[in-house]
Amino acid sequence: MSESSGMARKRPGDTWRIGVAGLGTVGAGLLTFLDERPGFAPAGCLAKVTGVSARSRSRPRPFDISGLPWFDDPVALAASPDIDIFVELVGGSDGPAKAAVEAALKAGKPVVTANKALIAEHGAELAALAEAQGVPLLFEAAVMGGTPAVKMLREAMVGDDIRSVAGILNGTCNYILTEMDSAGRSFADVLAEAQRLGYAEADPTTDVGGFDAAHKITILAALAFGCAPTYSAAEIEGIDQVELLDIKLARDLGYRVKLVASADRSPEGVLVRVHPALTPIAHPLAQTGGALNALFIEGQRIGRIFIQGPGAGAGPTAAAVAADIADVMTGAVRPVFQAPAGSLKPFTPIDRAKTEGRAYLRFLVKDEPGVIAAVSETLAEAGVSIESFLQKPVDNAQGVPIVLTTHAVVESVLMAAIDRIADLSSVLDRPRLLRIARI
Ligand SMILES: NC(=O)c1ccc[n+]([C@@H]2O[C@H](COP(=O)([O-])OP(=O)(O)OC[C@H]3O[C@@H](n4cnc5c(N)ncnc54)[C@H](OP(=O)(O)O)[C@@H]3O)[C@@H](O)[C@H]2O)c1
């Protein structure tokens, strides 16, 4: 912490006064945690909630807030002289969450947040503000909920050079894909049930559109590579276009479809992307079912590390928030993103057209002789080498579905080949493209 730090200084036996904005799933989890662990005293100091804020004061909550000072405005709570640590659990990249975090940092208060949208989209400027004020800005709960990924990259692996991080970072999508695969149900059917059960939001776009996973992988990329989080550079494709047919055909080929979020570093720059991808059935990512999250981290010296665990939920997420509070109380000091905020540069995005990968293509062809030969020749002429071929009659189909997987091919070559196949008179629809995960 810098000499100019406005942060409260505490001795063993003192109390850290905590302001909590947002009393929803995670906020309720945190207050329950602090209730259940009255002796939670890292560094010998006690944690005590001395102010709360939410939208509705009268909403029934799973804990009693009647004795706690109430703030209608989270910004007022953030700047209150009666708190030492501000915990932001409101959510959203802008609006009250951002205003309150800025107010807390400007007032010299450490901030703990679970807000991935805020950190992915404004992390660099908030890190600069925090470091100028000499206070921590911590967000373990923002990625993988209770499964520690942030500290692992920022602290435990800081001695290595990380090459890539890749995994399953959105439990809602993983739940939907797992159900589609195991129960043979459509995307719309499983999504509707997930919404009924409260696993998916009423507006599921952030999850199923891949944006939540993109926020998380943006943060992990920044921590892994020592860059500023550059959300705008992420390439994002969600699971809303994944059809049950693709899941079934992928299984016939020995794969499961997963929403994979990845960040790779090369001398040319950084590629951050989220997309549905085929993963070999025996692979740990394919074996990660339900709402679980999983992550591979590959370092130059340490090699590959795999972690798996809950990515959401009140208990796990609150435990991660509490771990950050403990870091503040024990005086742990780290730059927000591995390197001092003033030296952080945005990622240099890699030109996607030049990247290489394997692909799965599925399309309908007329049921007539010579079609397969025409497709194979067209692909060969375009420079795409076929790895496997599956022709599978499907009831009520207008034609015969063809599925093929390719060997590694440059993206621009693949796209040109898809255009050429779509133009063939015997091909009835534009090929559906799914990536085969590079893991
Ligand atoms: N849920 C998880 O498992 C999970 C996991 C990891 C990270 N996160 C992150 O944690 C954060 C909170 O998520 P959550 O699931 O707990 O959300 P949530 O259940 O929707 O709770 C949001 C809370 O913020 C309050 N709020 C909304 N607008 C407000 C405003 N203008 N002023 C004051 N309070 C306001 C709400 O008040 P009312 O209660 O009065 O409506 C509610 O208490 C988000 O950034 C989320 O991405 C969540």
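Within the accessible area of region 53-166, what % is carbon and sulfur when the probe is 1.4 Å and the other protein chains stay in place?
Carbon and sulfur atoms account for 52 percent of the accessible area of region 53-166.
Using label points projected 7 Å from each Cα along Cα→Cβ, tell me how many nm separate Asp351 and Ala408, to one decimal.
1.9
Work from the charge dipole of the chain (Cβ charges, +1 for Lys and Arg, -1 for Asp and Glu, about the Cα centre) and give the residue of Gln391, Thr405, Ser164 farthest towards its positive end.
After comparing all options, I get Ser164.
Find which of Leu118, Gly67, Ser376 sits farthest along the positive direction of the dipole of the chain, computed with +1 on the beta-carbon of Lys and Arg, -1 on that of Asp and Glu, about the Cα centre.
The Cα lying farthest towards the positive end belongs to Gly67.
Can you give the charge dipole size of region 246-390 about its Cα centre, rounded to the nearest 20 debye, using +1 on the beta carbon of Lys and Arg and -1 on the beta carbon of Asp and Glu?
Value, rounded to 20: 400 debye.
Normalised radius of gyration for the chain, please: alpha carbon Rg relative to 2.2 N^0.38 Å, two decimal places.
Compactness ratio reported: 1.09.
Taking the alpha-carbon set of region 3-151, what are its Rg and Dmax in Å?
In Å, with Rg to one decimal and Dmax whole: 14.5, 44.
Loop by DSSP (not H, G, I, E, B), at most 13 other beta-carbon atoms within 10 Å: where is the longest site-free stretch of the chain for GluC sites (Glu not before Pro)?
4-267
About the Cα centre of the chain, how large is the charge dipole given +1 on each Lys and Arg Cβ and -1 on each Asp and Glu Cβ? Please answer in debye to the nearest 20.
Taking the Cα centre of the chain as origin, the dipole is about 920 debye.
Give me the percent of accessible area attributable to carbon and sulfur for region 362-439, probe 1.4 angstrom.
Percent of accessible area from carbon and sulfur atoms in region 362-439: 49.
State to the nearest 20 debye the size of the charge dipole of region 1-119 about its Cα centre, where the only charges are +1 on K and R beta carbons and -1 on D and E beta carbons.
100
Using the Kirkwood formula on the Cα atoms of region 11-75, what hydrodynamic radius do you get, in angstrom to one decimal?
Every distinct Cα pair counted, the radius reaches 12.5 Å.
Hey, what number do you get for the chain at 222 nm if only DSSP H runs of n ≥ 4 count, each worth -39500 (n - 2.57), divided across all residues, to the nearest 500?
So the calculated ellipticity at 222 nm is -10000 deg cm²/dmol.
Compute the signed sum of charges (Lys and Arg +1, Asp and Glu -1) over the other residues within less than 12 Å, Cβ to Cβ, of Ile436.
+3
What does the charge add up to near Lys345, with Lys and Arg as +1, Asp and Glu as -1, over the other residues with Cβ less than 15 Å from its Cβ?
-1
Taking just the C-alpha trace of region 184-333, give me its Rg and Dmax in Å.
Reported Rg and Dmax, both Å: 17.2, 54.
Extending each Cα 7 Å along its Cβ direction at Ala374 and Ser343, get the distance between those two points in nm, one decimal.
Rounded to a tenth, the inter-label distance reads 6.0 nm.
How many nm separate the modelled label positions at Glu243 and Asp161, each set 7 Å beyond the Cα in the direction of the Cβ?
Calculated label separation equals 4.5 nm.
Tell me the per residue accessible area of the chain using a 1.4 Å probe; a whole number in Å² is fine.
Value for the chain: 41 Å² per residue.
Using the Cα centre of region 296-439 as origin and beta-carbon charges of +1 (Lys, Arg) and -1 (Asp, Glu), tell me which of Ala417, Ala322, Leu361 is placed farthest towards the positive end of the dipole.
Comparing the listed Cα positions along the dipole, Ala322 ranks first.
When the accessible area of region 261-313 is split by element with a 1.4 Å probe, what percent falls to carbon and sulfur?
57
Scale the Cα Rg of region 211-272 by the rule-of-thumb value 2.2 N^0.38 Å and send over the ratio, two decimals.
Cα Rg divided by the expected 2.2 N^0.38 Å: 1.37.
If the cut-off is a Cα-Cα distance under 14 Å, which aspartates and glutamates reach Lys98, setting aside same-chain residues fewer than 8 apart in sequence?
Hits, sequence-local ones excluded: Asp73, Glu88, Glu121, Glu125.
The values are calculated or read from the model by the stated rules, or taken from the named source; none is laboratory data. Predicted model only: the values in this text are computed from it and were never measured. Neighbour counts are summed over all protein chains in view; Cβ atoms, including those assigned to glycine, are modelled from backbone coordinates with ideal geometry. Only protein heavy atoms, including side chains, enter the accessible area calculation; ligands, DNA and RNA are left aside. Shrake-Rupley method; radii C 1.70, N 1.55, O 1.52, S 1.80 Å.
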